[in-house]
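Structure, as structure tokens:
We did not get these values from a lab; they are worked out from the coordinates using the rules stated. This is a predicted model, so every value here is computed, not measured. Note: ideal-geometry Cβ built from the backbone for every residue, glycine included; neighbour counts use all protein chains shown.
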Amino acid sequence: MTEKTGKTFSFKLITTDGAARRGEITTPHGVVRTPAFMPVGTQATVKAMYPEQVRETGADVVLGNTYHLMLRPTAERVARLGGLHTFMNWPHTILTDSGGFQVMSLAQLRKLDEDGVRFQSHIDGQKYHLTPERSVEIQGLLGSDIQMQLDECIKLPSPREEVQRAMELSLRWAERSRNQFEAMGGPGKGQGLYGIVQGGDQPDLRIRSAEELGKMPFEGYSVGGLAVGEPQDVMLSMLDITTPVMPVDKPRYLMGVGTPDDLLESVKRGIDQFDCVMPTRAGRHGLAYTRYGKVNLKNARHQDDPRPLDEASTCPASSVYSRAYLHHLVRAGEGLAGMLLTWNNIAYYQYLMQGMRDAIDAGSFEDFYAKTKEDWARGDIAAL
């Protein structure tokens, strides 16, 4: 079942076009073509999709969630059952986050100090203590190929003093996470650990965070704390400031982002990896992403429309099923509605990433960028 390559973590920058980068990450479970979109498999499943289906859309890597998996079924149980790759039947690369973002957004009665964060489970109220060391230990038990340091992620906007305090704490936690990763033999297993750039919407704090993390021997670097409610222009201006300070020879991962437009704009600014629940969540709520923007299948305009979402797509959910049928499934609350629209959405996100990779290879990223924006602006096909 396993695709194990026997290789260790490495990153190869193949070519650039402007600031956009085309590369490859090699892990013990395969090659990740970048720029890459990583479907989110929070609880060891990409919601409403089979693992084989996710792979067929073109995904090289999925994301698992440390916070959710430590609560249920527990990291120790997953380890006893052969690790996350075996447990969820995904023999390719897996990235895990550190749990920090979910503790901020989901957990109850949080108490954060220098040592870590104490919180109560949102499931049953049980008390937990998550430290940088424990986060990396959990990710090691899960056996993920790419792991994240524990960081403190705060909502924006926040006072500058609070942003600075969280950023400095995250730097200290980065060092502790790295020490634990090495103590657990992560490098010897071919795994990678990423440091996470914080600093909110403060340019000088972002630069300090990126520079300090760059001095530590991480395999890659994430940009954190941006998919937290700030407008797109704030996010992009922070990327304009941050990516030039990040190491050129290491992968760059923008956490929790985003819409297709966010991906296009961020690749233009030198980002290599993305994850977001948007395509799966939207699919479960009647919303499809296509080459022509968003299509709301709840809308009555689709009820007599025999045409598919996109007849040119290679994904059956997009090219075979009629809009009328999809509309019917959504209005009837059928489970198949979420399955088909999630499939369409993940396939579209992967189509977009492949288009960007091809364009960077060909040195035509600007043309691809303009054409993609033009298609979105034109909007969906006219109603019948």
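Observations, loosely collected:
- Taking Cα atoms only, the orientation of helix 203-214 departs from the longest principal axis of the chain by about 70 degrees.
- In the stretch 287-384, GluC sites (Glu not before Pro) in a DSSP loop with at most 11 other beta-carbon atoms within 10 Å: 311
- Extended-chain gain in nm, criterion 0.36 nm per residue less alpha-carbon gap, residue 80 and residue 110: 7.8 nm
- Sum of side-chain charges, residue 342 neighbourhood, beta-carbon under 12 Å (Lys, Arg +1; Asp, Glu -1): +3
- Counted charge near residue 9, where neighbours are those whose Cβ lies closer than 12 Å (Asp, Glu -1; Lys, Arg +1): +1
- Scanning residues 5 or more positions from residue 36 or on other chains, those with amide H under 5 Å from its amide H are 273, 274, with H placed 1.01 Å from N in the peptide plane.
- Among 27-36, 151-160, the order from most to least packed when residues are scored by Cβ within 10 Å on average: 27-36, 151-160
- Debye equation applied to the C-alpha atoms of the stretch 329-384, log10 I(q)/I(0) at 0.17, 0.28 Å⁻¹: -0.73, -1.05
- Calculated SAXS-style log₁₀ I(q)/I(0) at q = 0.11, 0.25 Å⁻¹ - the stretch 82-175, Debye, Cα scatterers: -0.36, -1.28
- Derived from the Cα gyration tensor, the three semi-axes of the equivalent ellipsoid of the stretch 311-353 are 19, 11, 6 Å, largest first.
- Dmax and Rg, reported as Rg then Dmax, of the stretch 135-236 (C-alpha, Å): 14.0, 41
- The GluC sites (Glu not before Pro) found in the stretch 111-147 that occupy coil by DSSP, while having at most 12 further C-beta atoms within 10 Å, are 114.
- Using alpha carbons only: equivalent-ellipsoid semi-axes of the stretch 287-377, gyration tensor based, whole Å: 28, 13, 10
- Distance from the C-alpha centroid of the stretch 62-76 to that of the stretch 259-284: 23 Å, rounded to the whole angstrom.
- Normalising by residue count, the chain has a Cα convex hull of 135 Å³ per residue.
- Per-bin percent of Cα-Cα distances, the stretch 1-118 [5 Å]: 2, 10, 17, 19, 18, 14, 10, 7, 2, 0
- In the chain, helical runs assigned H by DSSP with n ≥ 4 each contribute -39500 (n - 2.57); averaged across all residues and rounded to the nearest 500, the mean residue ellipticity at 222 nm is -12000 deg cm²/dmol.
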